[in-house]
Amino acid sequence: MTVTVPRVLFSFPLESSRGNNFYNTSLVTMKACNVVGMVVCITLQRSIFSEACKFKDFELIPDVIDVGPKAILNVSFPSGVDASFGNMLTPTEVKDQPTVQFPAEPEARYTLILTDPDVPDREQPVDGEWIHWLVVNIPGRGLALGDISEGEVLAEYVGSAPPEGSGYHRYTFLVYKQPEQLDFNEKKLDKTMAKDRYRFKARMFVDKYNLKELSAGNFYQAEYDDYVPSVYQQFKS
């Protein structure tokens, strides 16, 4: 005999000390199967909760954000590796712009942020954050398919380039739902521009443009490898 349990929305207190918001997970489907007497086998579909807890485990809550994301952002690099909530990747593996995707609302617009709070290092991040990628007004229809080409690029993608000896950096992807199509009054940065990427603050940026819903997120860690000097060589300012 198979019993299907209705979808349940769980609410967990995953938050920083900065606010009193509660973190709501994605809907989780539970199925009770092979009921024999009092024995019930419960199967849980993969949920956001276990992964989102890592934002707090790695102290991205509260270093970058106050509340965890509502969904998992799938991040896949051309090298064949994926970002997966704190896994270790190399600058060589992430040198090219990744594909990002999650089940976005087709008619909504979104902002994508990739930021490194650990500049020059995690112990003394006096120059953090460093904005690696910033795309706004992304149509949800495209984002749901992994296509952000119709978005407006405010900062072109620059891969990870942690200084030698600075340890692991936390490269953090955040996708916010916009209230509407917005006009962003920001200097546009191409990949040769480094100076204006320092001291970016994701929290201040989202407050400025009233981006209240952190729809999806993910992150990975990376430390110096021998590809990093190639990243530095592309900078002109």
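What follows is calculated from the coordinates using simple rules that are stated; it is not laboratory data. Bear in mind the structure is a predicted one, so any value in this text is a computation, not a measurement. Every residue, glycine among them, receives a Cβ derived from its backbone with ideal geometry; neighbour counts consider all protein chains shown.
List of remarks:
- Ordering of 164-175, 194-205 by packing is 164-175, 194-205, highest average first (other Cβ atoms within 10 Å, averaged per residue).
- Spatially close Lys pairs in the stretch 49-233, defined by Cα atoms under 22 Å apart and a spacing of eight or more places or different chains, total 28.
- Peptides ranked, highest mean first, by Cβ atoms within 10 Å: ranges 227-237, 212-222: 212-222, 227-237
- Along the axis of the charge dipole computed for the stretch 49-233 (Cβ charges of +1 for Lys and Arg, -1 for Asp and Glu, origin at the Cα centre), the listed residues T172, M88, S160 are led at the positive end by T172.
- For the stretch 66-135, the list of GluC sites (Glu not before Pro) that fall in a loop by DSSP and count at most 14 other C-beta atoms within 10 angstrom reads E107, E123.
- The stretch 49-233: C-alpha gyration tensor shape, a/c 1.5 cut-off, then a/b vs b/c: rounded
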